[in-house]
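Data block below; observations after.
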Amino acid sequence: VLTHLTEAADRFLEAGSFEEVLNIYNVVFAQSFGGRFKHEAASTVEFYFRSEQFLDKVLLAARASGRTNRAAFARLARGLKAHITEMMFDALAREQNTGIRRHLLEVLSGFGLSVLPEAIRRLKDKRWYVVRNMIYLIRKCGDKSHAAHIRKYAKHPYSRVCGEALSALLEFKTQDAVPFLKLHLRSGKEKLRSQAALLASAHQVKAAVPPLLELLSQKDALGAEAADKTPYVRALGRIGDRRAVVRFELIMNSTAMLYQKGLDELKVEVLRSLLNFPRRDINRLLSMGLK
């Protein structure tokens, strides 16, 4: 009977039917605690379901199934968590497909605290995208006590690693999160500034308002840099601090020598961002918008 069940599990895996595989595993696992076939079931669990060969088949099936059966794969992975976790980390490091990487991260983050030792260990990986993914897992599964492991990555050469580290520090509410945010907003790298503006918006950081206003006040007579200022307008709009109103009015009154279209799009973004401001503060902006 157990041989028939493992053969069926193989067929279901080939079809990407993870729910059926999980049902078979649960039945055999339950039998391993008692009953007539206790020892045979325990042996099947140990040498078949927990074997590297079987777990590798599970991961290959998960990759082949794409977007289908993702929830069922997550349930099966949780059932095999103690044995499949390290292999999932390896698969994540190898994976080129963005969607599959995202799914593996989602499933691993669902494992909770148990993934933290491996994620922390793999921060030493030389590949920047592996480091970024490990910081993501620490952010999702950890807390402020894990901030020491990721703090130094807020100054990493790759902007995506910096952004993920800063996101974690802000989420953990560490004392250095806001200073790092301001540092990124004043960076010479446009991508770092945009990431920081997005995070300031997501976390409603009022201390980010002055550097955001500085970025909007930089002169651009030609209008060529108008599109680059969109993230800063959006962030100020989300934060809803009245100090932004005067700067928004200046944008609405400005003209460009060459790139007027880009400036007009920025003006539209200003009007879109007014939802979080008191009506009394934005009456002039609304009048400008009507014109």
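Could you list all residues from the stretch 145-163 that are touching a Lys or Arg at 6+ places or on another chain (Cβ under 7 Å) and basic (Lys, Arg)?
Across the stretch 145-163, the qualifying residue is only Arg160.
Test Ala208 against the stated conditions and say whether it is aliphatic (A, V, I, L, M), open to solvent by less than 10 Å² (accessible area, probe 1.4 Å) and closer than 15 Å to Ser273 by Cβ.
For Ala208, the condition - aliphatic (A, V, I, L, M), open to solvent by less than 10 Å² (accessible area, probe 1.4 Å) and closer than 15 Å to Ser273 by Cβ - is met.
So which residues in the stretch 176-197 are within 16 Å of Glu164 (Cβ to Cβ) and in contact with a Pro (Cβ under 6 Å, 6 or more places away or on another chain), if there are any at all?
Ser194, Ala197
Name the residue, out of Arg75, Arg122, Arg101, Arg70, that is among the basic types (Lys, Arg), within 22 Å of Phe29 (Cβ to Cβ) and out of contact with any Lys or Arg (no Cβ under 7 Å at 6 or more places or on another chain).
Exactly one residue qualifies, and that residue is Arg75.
Could you check the stretch 262-291 and list, in sequence order, the residues that are among the charged types (D, E, K, R) and within 33 Å of the chain's Cα centre (by Cα)?
Matches in the stretch 262-291: Asp264, Glu265, Lys267, Glu269, Arg272.
The values are calculated or read from the model by the stated rules, or taken from the named source; none is laboratory data. Keep in mind the model is a prediction, meaning the values are calculated, not measured. Counting neighbours? That spans all protein chains shown, and the Cβs are built from the backbone with ideal geometry, glycine included. Only protein heavy atoms, including side chains, enter the accessible area calculation; ligands, DNA and RNA are left aside. Shrake-Rupley method; radii C 1.70, N 1.55, O 1.52, S 1.80 Å.
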